[in-house]
1. Please find, among 212, 207, the residue that is modelled with pLDDT of 95 or more, in contact with a strand residue (DSSP E or B) (Cβ under 8 Å, 6 or more places away or on another chain) and under 19 Å from residue 56 (Cβ atoms).
2. Inspect the stretch 173-193 for any residue being on the phi < 0 side of the Ramachandran plot, free of Cβ contacts under 8 Å to residues at least 24 places away in the same chain and assigned to a loop (DSSP other than H, G, I, E, B) and give the result as yes or no.
3. Is it fair to say residue 191 is touching a helix residue (DSSP H, G or I) at 6+ places or on another chain (Cβ under 6 Å) and at pLDDT below 95?
4. Would it be correct to say that residue 65 is closer than 16 Å to residue 211 by Cα and in contact (Cβ under 8 Å) with a residue 24 or more places away in the chain?
5. Regarding residue 13, is this residue crowded, with 24+ Cβ neighbours inside 10 Å and out of contact with any helix residue (DSSP H, G or I) (no Cβ under 6 Å at 6 or more places or on another chain)?
6. Would you check if there is a residue in the stretch 68-91 being closer than 22 Å to residue 9 by Cβ, surrounded by fewer than 19 Cβ atoms within 10 Å (Cβ to Cβ), touching a helix residue (DSSP H, G or I) at 6+ places or on another chain (Cβ under 7 Å) and modelled with pLDDT under 95?
7. Which ones in the stretch 100-115 are crowded, with 23+ Cβ neighbours inside 10 Å and either at negative phi or without any contact (Cβ under 8 Å) to a residue 40 or more places away in the chain (or both)?
8. Mind checking which pairs have a first residue in the stretch 121-132 that is within 18 Å of residue 92 (Cα to Cα) and a second that is outside any helix (DSSP H, G or I) and at pLDDT 95 or above, Cβ under 7 Å, 6 or more apart or different chains?
């Protein structure tokens, strides 16, 4: 598995505790493979991530022999910044180029973003349009991998945003290679150390939700 992981803080390194994954879980960054250890290279946070946990769980479940994460995630970012013309769009393109130069084929794209757009009250139409523009750029780069979209809008004092949640659910379209990721909005403040970012237990539960979605997808193949 070579997973391009995209999004904002809960896809980056803003979890409560750091972790070192097992030797079969790797982190690609600027042409080099590293053992996956928090904080993962390619994301801007300085603490723990869901991905080191997810990688070990996927190996333990014998779903993959090896897992490589290629992160492009930045905290407190809205989808417009990741779309073509946005300040961070090149982060995605550069991560894809990095994988290509390293002769690694991206097999999965994991999208966990939406908290900022929930706060900003981005419309459902705008969120979907920007996501499809991002996906078009990814496909134009030759990445045909399935894309998994998490439901993610919960953060701090702001309640989950139903419009962004609905946008994320409506993006699922198997003909376009887009599939459901986990609904992480179901993880309330008891799973978050600051009411937004995941606690140590929250990171573990978050990772298990990703495992369930990936297993469900694999079961259809």
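The values are calculated or read from the model by the stated rules, or taken from the named source; none is laboratory data. Please read all numbers here as calculations on a predicted model, not as lab measurements. Virtual Cβ from ideal backbone geometry, glycine too; neighbours counted across all protein chains shown.
1. Checking each option against the conditions leaves just 212.
2. Checking the stretch 173-193: not a single residue is on the phi < 0 side of the Ramachandran plot, free of Cβ contacts under 8 Å to residues at least 24 places away in the same chain and assigned to a loop (DSSP other than H, G, I, E, B).
3. No: the conditions fail for residue 191.
4. The answer is yes for residue 65.
5. Taking the combined requirement at face value, the residue satisfies it.
6. So far as the stretch 68-91 goes, no, none of its residues is closer than 22 Å to residue 9 by Cβ, surrounded by fewer than 19 Cβ atoms within 10 Å (Cβ to Cβ), touching a helix residue (DSSP H, G or I) at 6+ places or on another chain (Cβ under 7 Å) and modelled with pLDDT under 95.
7. Once the filter is applied, which keeps residues that are crowded, with 23+ Cβ neighbours inside 10 Å and either at negative phi or without any contact (Cβ under 8 Å) to a residue 40 or more places away in the chain (or both), the stretch 100-115 yields 109, 110, 111, 112, 113, 115.
8. 128/171; 130/83; 131/171
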